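Reviewing the structure listed below.
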Amino acid sequence: MLLIDCPHCGPRNEVEFRYGGEAHVPYPEDPSALDDREWSRYLFYRANTKGVLAERWQHSAGCRKWFNALRDTRTYRFERIYPMGSPRPDLPTPPDIPADAAEPDRFAAAATTEGRTDGRADGDAALTATDSSAAVGTDADARTGNEDDHA
Ligand SMILES: [Zn+2]
């Protein structure tokens with residue numbers, strides 16, 4: 001379980017919140033002056049940051065108010081929560097994250113199953129699906145462990 005600190009209600013379970021996309025994406029001053037390419041850039045192109053990203057969140061099952069947050073996309077950790085309309089706060093120093101902690105374990109697991117040399121036929125789809133679901137369960141367990149560190 002991930003706790004998100006609503007600025008109005010305090011820490012609450014993540015299921016009470018709705019993600020609102022990247023923050024600080026300015027609405028075009030004159031939308032009718034944009035061509036299709038510029039309009040699509042405004043609508044669909046986002047930073048997709050690996051690291052600290054400014055995001056909009058709504059406490060949809062609580063006070064229903066919106067707020068901004070700086071969240072590290074590598075660790076899910078919320079670094080800062082601040083009101084809508086405020087400028088993005090500067091973080092004093094970037095959080096120090098070990099290189100191996102930044103990569104989810106499931107990618108390592110996928111890399112090892114690709115080069116299988118156990119002689120099984122390629123038509124082993126059912127076994128592959130079972131392997132994938134087992135990897136997802138392991139990843140979820142690992143995530144729960146990480147969140148305990150942040151509590
Ligand atoms: Zn709230």
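Do we have Gly85 as part of a strand (DSSP E or B), loosely packed, with under 13 Cβ neighbours inside 10 Å and of a type in the set (Gly, Ala, Ser) here?
When the stated conditions are applied, Gly85 does not pass them.
Name the one entry in Glu16, Glu38 that is of a type in the set (Asp, Glu), assigned by TED's automatic domain parsing to the domain that holds Ala69 and within 14 Å of the ligand (Cβ to nearest atom).
Going through Glu16, Glu38 in turn, just one is of a type in the set (Asp, Glu), assigned by TED's automatic domain parsing to the domain that holds Ala69 and within 14 Å of the ligand (Cβ to nearest atom): Glu16.
When only residues in the range 20-35 that are surrounded by 13 or more Cβ atoms within 10 Å (Cβ to Cβ) and within 19 Å of Arg71 (Cα to Cα) count, which is farthest from the ligand (Cβ to nearest atom)?
Looking at the filtered set, the residue picked out is Val25.
Check whether at least one residue in the range 36-51 is more than 13 Å from Arg71 (Cα to Cα), among the basic types (Lys, Arg), within 20 Å of the chain's Cα centre (by Cα) and in a loop (DSSP other than H, G, I, E, B), and report yes or no.
yes
Hey, could you check the range 1-30 for residues that are in contact (Cβ under 8 Å) with a residue 40 or more places away in the chain and part of a loop (DSSP other than H, G, I, E, B) and say which is nearest to Arg77 (Cα to Cα)?
Within the range 1-30, the match that is nearest to Arg77 (Cα to Cα) is Leu2.
The values are calculated or read from the model by the stated rules, or taken from the named source; none is laboratory data. As the structure is a computational prediction, the values presented were derived from the model and not from experiment. Reconstructed Cβ throughout: ideal geometry from the backbone, glycine too, with neighbour counts over all protein chains shown.
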